[in-house]
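Asker: Sharing a structure with you now.
The values are calculated or read from the model by the stated rules, or taken from the named source; none is laboratory data. The structure presented is a predicted model; accordingly, all values stated were derived computationally and were not measured. Backbone-built Cβ (ideal geometry, glycine too); neighbour counts: all protein chains shown.
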């Protein structure tokens, strides 16, 4: 009785294994894409922080100049 079902069980097992391999490949590919995206977003964040720091420095300089002009008036 077990011998009769063995070939079908093996076929089912093989199909399930194929599905798992496909799913693994898909997830591996997706993971690679996400890692690249994280790297890109991290770089973009660094650039935005640098721009924000530069803008803050410029605003601070303008405020200081305005205070100097105010005191001189």
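Asker: Considering 6, 27, which residue is surrounded by 10 or more Cβ atoms within 10 Å (Cβ to Cβ), within 15 Å of the chain's Cα centre (by Cα) and in a helix (DSSP H, G or I)?
Answerer: Working: 6 fails: within 15 Å of the chain's Cα centre (by Cα).
Checking each option against the conditions leaves just 27.
Asker: Moving to a separate point now. Which pairs do you get when a residue that is at pLDDT below 90, found in region 1-22, comes within reach of a residue that is surrounded by 10 or more Cβ atoms within 10 Å (Cβ to Cβ), reach meaning Cβ atoms under 9 angstrom, with the pair 6+ apart or on two chains?
Answerer: Here the result reads 2/9, each pair linking region 1-22 to a residue that is surrounded by 10 or more Cβ atoms within 10 Å (Cβ to Cβ).
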